[in-house]
Amino acid sequence: NGEPTLHPDFKHIVSDVINLRNQFYPEAKVSVLTNSTLVGRPNVAEALKMVDNNIVKLDSAMPATFRALNRPVSKNVLPAGVVEDLKQFAGKCVVQTLFVRGSHEGVTVDNTTDEEISALIYAYSQIEPREVMIYSIDRKTPAENLEKISAEELESIAARMREAGFNVQVNA
């Protein structure tokens, strides 16, 4: 429950999990989902490079939307820095992106616009992910004014990303 890369022994935990997997169930895949804010730390990056499925989040490549959606504690966490950190995983990561629109605490949020999609496609081109997973909210959130993006609209977004050369999985 929470961001796994925050654990001070994250790299050792990943190493132990991989060793146990290798010993007892070598066919199993080890996956880690991270919000991407700490992937610039060498220990975190080394651990993520060890897993089979390094799933990193990037919900927007535009600063205002990124901040509204992800609400990072540090003002220094911006999408350009996250993208720069994610470049080290070229071909060895899956980027997961949540699409949503609406408002929260008086701030309008919509990462489905042409400008947002273009910015994400550019960010993906820098990151070079093995795959892109896109989805929308599937249940009520604490922010009640957020709207689920339809399967049809997600497919339209995916088509645009596929045209740009990305392997895209839609979870609608």
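The values are calculated or read from the model by the stated rules, or taken from the named source; none is laboratory data. In this text, all values refer to a predicted model and were calculated from it rather than measured experimentally. Cβ placement follows ideal geometry from the backbone for every residue including glycine, while neighbour counts extend to all protein chains displayed. We work out accessible area using only protein heavy atoms, side chains counted, and drop any ligands, DNA or RNA first. Shrake-Rupley method; radii C 1.70, N 1.55, O 1.52, S 1.80 Å.
Of the strands (runs of 3 or more DSSP E) lying entirely inside the range 35-116, those carrying at least 1 residues that are modelled with pLDDT under 95 and either open to solvent by 40 Å² or more (accessible area, probe 1.4 Å) or not acidic (D, E) (or both) are 94-104, 107-110.
For the subset of the range 162-171 comprising residues that are open to solvent by 40 Å² or more (accessible area, probe 1.4 Å) and within 16 Å of the chain's Cα centre (by Cα), which member is farthest from I137 (Cα to Cα)? Spell out the reasoning first.
Filtering the range 162-171 down to residues open to solvent by 40 Å² or more (accessible area, probe 1.4 Å) leaves 162-165, 167, 169, 171.
Narrowing the set further to residues that are within 16 Å of the chain's Cα centre (by Cα) leaves 167, 169, 171.
On the way: N167: 21, Q169: 15, N171: 10 Å.
In this case the residue turns out to be N167.
Going residue by residue through the range 139-161, is there one that turns out to be among the polar types (S, T, N, Q), closer than 26 Å to K29 by Cβ and exposed (fewer than 15 other Cβ atoms within 10 Å of the Cβ)? Can you show your working first?
Start the filter on the range 139-161 by keeping residues that are among the polar types (S, T, N, Q), which leaves 141, 145, 150, 156.
Remaining after also requiring closer than 26 Å to K29 by Cβ: none.
There is no residue in the range 139-161 that is among the polar types (S, T, N, Q), closer than 26 Å to K29 by Cβ and exposed (fewer than 15 other Cβ atoms within 10 Å of the Cβ).
Against the test of being more than 16 Å from K11 (Cα to Cα) and either among the aromatic types (F, W, Y) or in contact (Cβ under 8 Å) with a residue 12 or more places away in the chain (or both), the options S36, S60 yield a single qualifying residue, S60.
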